[in-house]
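Shown below is the structure under consideration.
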Amino acid sequence: MEHIYHKIAEEILENSISVNDQIIDLETVVALREEATTDYENGAFEKARIGKGIGKQRIAEIRGDQVRWLDKNRATQAQLTYWKWIDGLRNYLSEFFRIHLERTELHFAYYPKGAFYSRHLDQFKEHSDRIFSIILYLNTEWKPGDGGELRAYEKDDSFTDYPPLGGRLIIFRSDVVEHEVLEAHAPRISVTGWIRRDKLIY
Ligand code: OGA
Ligand code: MN
């Protein structure tokens with residue numbers, strides 16, 4: 001595990017983003033996909049919102065996905081497997097970058113056909129507690145034409161499009177990498193999360 005964590009850390013240091021395939025075993029990816037699909041069909045997802053607190057609003061023109069937050073205390077086996085892997089990464093990145101990284105938050109995200117998420121940064125203006133964004137894609141059947149690519153921008157506005165392939169794990173710096181999700185032409189599912197530096201306050 002250490003060497004993949006190290007590769008990710010080096011790539012983030014160099015490029016602010018790291019893209020990795022087939023790191024999480026397929027069995028876990030498939031189980032997560034089934035759990036997300038079942039939860040979605042049971043109406044357990046909520047429309048995603050933008051911003052935080054009072055400024056929090058739903059703007060369908062900006063963001064059309066639905067989410068279900070994961071709770072570590074009620075996690076399934078597959079969710080725990082993934083959560084532990086991410087916590088291992090969190091500890092590694094914390095030492096590597098010499099920053100305090102307190103916790104990880106994760107949610108399933110479901111983009112129905114036609115949904116997209118306009119260009120944005122993951123750090124809120126008034127908060128800077130999200131340090132790294134991490135997305136594990138669960139689209140084991142993805143094919144060209146299904147859309148939903150992640151478009152990641154560089155400082156000079158050039159960009160790279162990444163298909164949301166099942167098992168693909170993308171990690172980037174929440175404070176610098178502007179990105180968007182292109183329109184999905186088929187349902188698009190992921191586990192999206194953030195490695196944060198703040199404590200959870202109930
Ligand atoms: C987000 C986001 C990107 C993706 O949820 O903030 O930008 O590829 N997701 O799902
Ligand atoms: Mn984002």
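The values are calculated or read from the model by the stated rules, or taken from the named source; none is laboratory data. Keep in mind that what you see is a predicted model, and the values were worked out from it rather than measured. Cβ coordinates were reconstructed from backbone atoms using ideal geometry, including for glycine residues, and neighbour counts include every protein chain displayed. Side chains included, ligands, DNA and RNA excluded: accessible areas come from the protein's heavy atoms. Shrake-Rupley method; radii C 1.70, N 1.55, O 1.52, S 1.80 Å.
Here are the criteria: (1) within 15 Å of ligand 2 (Cβ to nearest atom); (2) closer than 20 Å to residue 22 by Cα. Tell me which single one residue 120 does not satisfy.
Among (1) within 15 Å of ligand 2 (Cβ to nearest atom); (2) closer than 20 Å to residue 22 by Cα, residue 120 violates only (2).
Now, a different point. I want to confirm something. Restricting to region 152-195 and keeping residues that are touching a helix residue (DSSP H, G or I) at 6+ places or on another chain (Cβ under 7 Å) and more than 10 Å from ligand 1 (Cβ to nearest atom), which single residue is most open to solvent (accessible area, probe 1.4 Å)?
Once the filter is applied, the top-ranked residue is 173.
Does residue 50 satisfy the condition of being over 17 Å from the mean Cα position of the chain (by Cα), open to solvent by less than 50 Å² (accessible area, probe 1.4 Å) and modelled with pLDDT under 95?
Answer is no for this residue.
When region 1-28 is examined, which residues are found to be over 17 Å from residue 159 (Cα atoms), of a type in the set (S, T, N, Q) and surrounded by 15 or more Cβ atoms within 10 Å (Cβ to Cβ)?
20, 28
What's the total number of residues in region 74-115 that are aromatic (Phe, Trp, Tyr), surrounded by fewer than 20 Cβ atoms within 10 Å (Cβ to Cβ) and within 16 Å of ligand 2 (Cβ to nearest atom)?
0
Can residue 82 be described as within 15 Å of the chain's Cα centre (by Cα), assigned to a helix (DSSP H, G or I) and within 16 Å of ligand 1 (Cβ to nearest atom)?
yes
While we're here: Take the residues in region 120-151 that are at pLDDT 95 or above and basic (Lys, Arg), then tell me which one is surrounded by the most Cβ atoms within 10 Å (Cβ to Cβ).
Within region 120-151, the match that is surrounded by the most Cβ atoms within 10 Å (Cβ to Cβ) is 151.
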